[in-house]
1. Sort through Ile109, Ile72 and tell me the only one that's in a helix (DSSP H, G or I) and either farther than 24 Å from Tyr174 by Cβ or out of contact with any strand residue (DSSP E or B) (no Cβ under 6 Å at 6 or more places or on another chain) (or both).
2. Just the residues that are touching a residue at least 24 places away in the same chain (Cβ under 8 Å), open to solvent by less than 40 Å² (accessible area, probe 1.4 Å) and either under 11 Å from Lys12 (Cβ atoms) or more than 17 Å from the chain's Cα centre (by Cα) (or both), please, taken from the range 168-190.
3. Can you tell me which of (1) among the aliphatic types (A, V, I, L, M); (2) in contact with a Ser or Thr (Cβ under 9 Å, 6 or more places away or on another chain); (3) modelled with pLDDT of 95 or more is the one Ala116 doesn't meet?
4. Which residues, taken from the range 52-71, are under 15 Å from Ile109 (Cβ atoms) and modelled with pLDDT of 95 or more?
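The values are calculated or read from the model by the stated rules, or taken from the named source; none is laboratory data. The structure presented is a predicted model; accordingly, all values stated were derived computationally and were not measured. Cβ atoms come from the backbone with ideal geometry, glycine included; neighbour counts cover every protein chain shown. Heavy atoms of the whole protein, side chains included, go into the accessibility calculation; ligands, DNA and RNA do not. Shrake-Rupley method; radii C 1.70, N 1.55, O 1.52, S 1.80 Å.
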Amino acid sequence: MPILLTSQAYCKMLLHAAKYPYYAVNGLLVAEKTKDKKRDGSSEPVLCVDCVPLFHGTLALAPMLEVALTLIDTWCKENNYVIVGYYQANERTKDSRPNQFAEKVAARISENFNEAAIVMVDNSRLTMSCFEPIVLIYDHHENKWKSREVTSDCFEDWSEAQKITSALLECRSYENLIDFDNHLDDLRNDWTNPVINKSVLDLC
């Protein structure tokens, strides 16, 4: 059951990476909670409707991660969402493979959603235009995280995602993006990013 990325989820991941180009960044992917699989065994792709930016810089701070996961889990329950994946952009631009920390968080997500995915942002291909998808998607098969080819089919609407992401990068909307680190610095900072969400909606 592969994941599909909406424009909002894809855009916010790239804005997070663009805001902190010299740091590693990470976050969570969420989908709307759906009914169980169809009786014939087939299943629809999981549509990632949003992402929650977590941290920049030092990613492996366990206490902060626990606080974030608790708050986000409560928010998900209130909005009928479920955490279905984890995203990360590494500090080194030529390194776009998931590290041990990424796999550890994804394994934690898998405890509640067994088809969780890891999405890695390829910083080396991050440009203002973003004409092609710059993420790698890893699925868990046979106890290993294996990448699959990312095409326009991995998006709900690739042309829309490309257009919106490019427009928001051009107007430097990443300066308004709030991650959980920003929230912990000042609790008035809203990590659900209503300003960015409205910008995406206005461009749809």
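1. Values: Ile72 fails: either farther than 24 Å from Tyr174 by Cβ or out of contact with any strand residue (DSSP E or B) (no Cβ under 6 Å at 6 or more places or on another chain) (or both).
None of the others qualify; the one that does is Ile109.
2. Correct list: Leu168, Ser173, Tyr174, Leu177, Ile178, Asp179.
3. Going through (1) among the aliphatic types (A, V, I, L, M); (2) in contact with a Ser or Thr (Cβ under 9 Å, 6 or more places away or on another chain); (3) modelled with pLDDT of 95 or more one by one, Ala116 breaks only (3).
4. Once the filter is applied, which keeps residues that are under 15 Å from Ile109 (Cβ atoms) and modelled with pLDDT of 95 or more, the range 52-71 yields Val52, Leu54.
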